[in-house]
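**Student:** Can you keep this structure in mind? I'll have questions shortly.
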């Protein structure tokens, strides 16, 4: 049982029970939520008060200067700042938000840790111990970028990824589709990212890639689509009713010189859009948002094709403003000196991950001023990467 500084026992709360009780729409859906802390539970104390922050209305951009009282990981009250001054002695934990912006945490819709370590460090995570170490490092990277555990990790159990379609035999494609149907695993289709792939598939199967995906049953598996940079409007119309989430990876697109995904068409067709880090090791969702806006405005030669508010909502997977009764998951971003009147412009163009001064998960801080705390206290990525390299070297020597 965890012990706090006063030597008192702290309640251990199993998050999966709460998630079963709270139903959300597809727009607010969080895939893979809490998969890293699910087995061990999370530490929650009594009441916690977060003081002096600007709560951002995610619809209007309006700011409200507030204090937030949380109990057992849920927002119990939101009042004007200073309203709890006479009650602080009755509150166990006090946190100062320093006049920062209170915002929903980001959602990393596609985090491919296997590729992260292969492409950035030349490391193969080819057994369970190495995969566990890789996942731990990437959890910390996500938390420091404002993701708060809430990311879709490709190394997690119950996840399958289809990519490099032209390198797969018909038997391999059929087997993967059947396995997903039997297991109910979450399926990601990382396809359609370059014209060579589309051309090769058409040459082999004598039909466009979306129709090949349908023939093998992948579109019946409720798949999430990653990339699709080179799909035309007809392809997207064909896929529309089968894809619950369309994920853009701006870091990968920029690194490999891919043409930008046509977000204007995707919005017109009604896709739910999200942002993924792909195989990036360094994550900064503010930078990702700037990449997306810049590439879209250059492509359409217009500043009206996408707004800062729209891309910020993509980064959070269509969030709602924090309110009483919500789970207490949020980030606090330093206000600083702003050059913009609109809060979404100020966030997208004036902030970076270094400006995330606090990450809150279930009413407890897990990151403050760039240092991990709470559940992750004492964890640092550089030593962990060193351990990972040592383990892989030992394994090679044993072989």
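**Student:** Evaluate the range 119-135: report whether one residue or more is on the phi < 0 side of the Ramachandran plot, in contact with a strand residue (DSSP E or B) (Cβ under 7 Å, 6 or more places away or on another chain) and outside any helix (DSSP H, G or I).
**Tutor:** No, the range 119-135 contains no residue that is on the phi < 0 side of the Ramachandran plot, in contact with a strand residue (DSSP E or B) (Cβ under 7 Å, 6 or more places away or on another chain) and outside any helix (DSSP H, G or I).
**Student:** Determine, yes or no, whether residue 314 is touching a helix residue (DSSP H, G or I) at 6+ places or on another chain (Cβ under 7 Å), under 21 Å from residue 112 (Cβ atoms) and crowded, with 18+ Cβ neighbours inside 10 Å.
**Tutor:** No: the conditions fail for residue 314.
**Student:** Still on this structure: Does residue 213 meet the test of being touching a strand residue (DSSP E or B) at 6+ places or on another chain (Cβ under 9 Å) and either closer than 19 Å to residue 250 by Cα or in the same structural domain as residue 295 (by TED's automatic domain parsing) (or both)?
**Tutor:** It is true that residue 213 is touching a strand residue (DSSP E or B) at 6+ places or on another chain (Cβ under 9 Å) and either closer than 19 Å to residue 250 by Cα or in the same structural domain as residue 295 (by TED's automatic domain parsing) (or both).
**Student:** Which condition does residue 157 not pass, out of (1) surrounded by 15 or more Cβ atoms within 10 Å (Cβ to Cβ); (2) assigned to a loop (DSSP other than H, G, I, E, B); (3) out of contact with any strand residue (DSSP E or B) (no Cβ under 6 Å at 6 or more places or on another chain), if it passes all the others?
**Tutor:** All conditions are met except number (1).
**Student:** Now, a different point. Considering only residues of the range 75-113 that are surrounded by fewer than 24 Cβ atoms within 10 Å (Cβ to Cβ) and in a loop (DSSP other than H, G, I, E, B), which is modelled with the lowest pLDDT?
**Tutor:** 92
**Student:** Looking at 318, 288 in this structure, which one is under 14 Å from the mean Cα position of the chain (by Cα) and at positive phi?
**Tutor:** Matching residue, one of 318, 288: 318.
**Student:** Separate question: Looking only at the range 164-188, count every residue that is closer than 25 Å to residue 256 by Cα and free of Cβ contacts under 8 Å to residues at least 40 places away in the same chain and tell me the total.
**Tutor:** Of the residues in that region, 5 qualify.
**Student:** Based on this model, can you work out whether residue 152 counts as under 30 Å from residue 374 (Cβ atoms), out of contact with any helix residue (DSSP H, G or I) (no Cβ under 7 Å at 6 or more places or on another chain) and assigned to a strand (DSSP E or B)?
**Tutor:** So residue 152 passes the test.
**Student:** Give just the number: which of (1) under 30 Å from residue 115 (Cα atoms); (2) touching a helix residue (DSSP H, G or I) at 6+ places or on another chain (Cβ under 9 Å); (3) not in a helix (DSSP H, G or I); (4) not assigned by TED's automatic domain parsing to the domain that holds residue 113 does residue 335 not satisfy?
**Tutor:** If we test residue 335 against (1) under 30 Å from residue 115 (Cα atoms); (2) touching a helix residue (DSSP H, G or I) at 6+ places or on another chain (Cβ under 9 Å); (3) not in a helix (DSSP H, G or I); (4) not assigned by TED's automatic domain parsing to the domain that holds residue 113, just (1) comes out false.
**Student:** Farther than 24 Å from residue 225 by Cβ and touching a helix residue (DSSP H, G or I) at 6+ places or on another chain (Cβ under 7 Å): is that true of residue 301 in this structure?
**Tutor:** no
**Student:** What tally of residues in the range 282-311 results from selecting those that are buried (at least 18 other Cβ atoms within 10 Å of the Cβ) and either in a loop (DSSP other than H, G, I, E, B) or in the same structural domain as residue 54 (by TED's automatic domain parsing) (or both)?
**Tutor:** 3
**Student:** If residue 340 passes every condition in (1) surrounded by fewer than 24 Cβ atoms within 10 Å (Cβ to Cβ); (2) within 19 Å of the chain's Cα centre (by Cα) but one, which one does it miss?
**Tutor:** Residue 340 satisfies all of (1) surrounded by fewer than 24 Cβ atoms within 10 Å (Cβ to Cβ); (2) within 19 Å of the chain's Cα centre (by Cα) except (2).
The values are calculated or read from the model by the stated rules, or taken from the named source; none is laboratory data. Every value quoted in this text rests on a predicted model; they were computed, and no experiment measured them. Counting neighbours? That spans all protein chains shown, and the Cβs are built from the backbone with ideal geometry, glycine included.
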